[in-house]
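Input: a single structure, listed below in structure tokens.
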Amino acid sequence: MAIMEYLNPARAPYTGQDRELIGTAHARRARAHFARRPAYRPTPVHTIPGLAGTAAVHVKDESARMGLGSFKALGGAYAVHLLAGRDGTRTPVVCASAGNHGISVAAGAAEAGLPCHVYLAEDVPETFARRLRDLGARVHRDGPDYDAGLRAALSAAQEHGWRLVADTSWEGYTSVPLDVMRGYTVLFDELTDPGAVADDLGPTHVFVQAGVGGLAAAAAGYVRDRWGERPRVVVVEPEGAPCLVESARAGAPVHVHGAPTTLGRLDCREPSLLAHRLLNHLADLYLTITDDQAAAAARELGRAGVALSACGAAGAAGLLALTPSARHALGLDHTARVLLVGTEGPVEPK
């Protein structure tokens, strides 16, 4: 696969329809929900002056989020809590996961008193499976990748009448994934707290890594609603799984065959329909990175005192890999204030 940078020709303003889906009002509601949870605390922001030739890079560090270790703690659990509150039954929930989404769903199910089933691909580290079982979930291994696990989870939901809690969406299935995305916006709302960052002007650039695109779309929606059209939003994907950039190029969601990648939590071959529709006009640039670039970025951030996995540092890898022409197109120079999301801490090996 070739590394690519794709300046989005479909970029258009944030609309009232976008605001109905995702934005600051939804973030406030989700945050009020989590504020009632004893484990909830805003996560820290690390500021690295001068990184990649910028004025400063702000890294929102999700590695200790609610004791679950990733930003995903905000999404699946929020959707499960809302489902449980709507009907009051103990119908089991089921999901597919590359690790972190399943942990969030399992934690939310445990809090709500719901049985939980999680389908993992064969290459997901056993570390995640153990954590899921510790949370009371039943773990099923099915297929070589996330897509296979999702098909198995959907089949189980249809066969047994369980409720599917997916972090991706498609025609006819958008309500629960939208709740997942709205949960993610909490982390961006925390940036507006006093003292969260050194200034209150907002970022000039946001680099966000993407698998199916839920976090990236949540970022784009929140950023546009809070800070308007000026911040440039950059979506970063593994070169082996560029489903969002290829969908942007095609103008519709597409499935990519890709290539093997060690960035397991980002190894997704088809985008979330909701995420694609939002990013297709809210993102300024799509780019891909190599596994080696992601690992190098994790080491670079580690030297600055920010401990993340390669997946967690993928947004930083995009910033560090940006070509001069792309920097010029984005207006990224020594005055830039860049926001990155450190999505997860270092991950233990299998």
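Computed from the coordinates by the stated procedures, all read-outs in this text should not be read as laboratory data. Here the structure is a predicted model, which means the values were calculated and not measured. Positions of Cβ are backbone-derived with ideal geometry, glycine not excepted, and every protein chain shown enters the neighbour counts.
Observations, loosely collected:
- Stokes-Einstein D in µm²/s, Kirkwood radius over Cα pairs - segment 76-166 at 4 °C with 1.567 mPa s viscosity: 104 µm²/s
- Amide proton proximity set for residue 163, modelled H, under 5 Å, gap of 5+: 93, 94
- Computed E for residue 250/residue 36 - FRET, C-beta separation, R0 41 angstrom, nearest 0.05: 0.45
- Each of residue 192 and residue 229 was given a label point 7 Å from its Cα along the Cα-to-Cβ line. The distance between the two points is 2.1 nm.
- Here the residues 138, 65, ranked from fewest to most Cβ neighbours within 10 Å of their Cβ, fall in the order 138, 65.
- Toward the positive end of the charge dipole of segment 76-166, with +1 on the Cβ of Lys and Arg and -1 on the Cβ of Asp and Glu, the farthest Cα among 143, 102, 84 is that of 84.
- Extending 7 Å from Cα along the Cβ direction at residue 4 and again at residue 140 yields two label points whose distance is 3.4 nm.
- Kirkwood-based shape ratio for segment 165-267, expressed as Rg/Rh from alpha carbons: 1.00
- 0 to 90° range, to nearest 10: angle between helix 100-112 axis and the chain longest Cα axis: 50 degrees
- One Cα centroid belongs to segment 255-292, the other to segment 113-177; the line between them spans 20 Å.
- HN-Hα J in Hz across segment 177-183 - Karplus 6.51, -1.76, 1.60, θ = phi - 60°, x for Gly and Pro: x, 5, 4, 4, 4, 5, x
- Note, ³J(HN,Hα) from phi for segment 66-78, Karplus 6.51, -1.76, 1.60, rounded to Hz, x at Gly and Pro: 6, x, 9, x, 6, 4, 4, 4, 7, x, x, 4, 4
- Shown for 61, 193, 18: other C-beta atoms within 10 Å of each C-beta, ranked fewest to most, produce the order 193, 18, 61.
- Spin-label model, residue 29/residue 89: points 7 Å from Cα along the beta carbon direction are separated by 2.3 nm.
- The angle between the Cα long axis of helix 291-303 and the main principal axis of the chain comes to about 80°, on a 0 to 90 degree scale.
- Working note: Cα atoms of the chain, range along each principal axis, descending, whole Å: 55, 43, 40.
- 3J(HN,Hα) couplings calculated from phi for segment 154-167 with the Karplus curve 6.51 cos²θ - 1.76 cosθ + 1.60 (θ = phi - 60°) are, in sequence order, 5, 4, 5, 4, 5, 6, 9, x, 6, 9, 7, 10, 9, 9 Hz; Gly and Pro show x.
- Relative to the longest principal axis of the Cα atoms of the chain, the long axis of helix 214-227 makes an angle of roughly 50 degrees.
- On full extension, the segment bounded by residue 12 and residue 158 gains 48.8 nm, given 0.36 nm per residue less the C-alpha separation.
- Against the empirical curve 2.2 N^0.38 Å, the C-alpha radius of gyration of segment 221-350 lands at a ratio of 1.06.
- Listing 40, 6, 146 from fewest to most neighbouring C-beta atoms within 10 Å gives 40, 6, 146.
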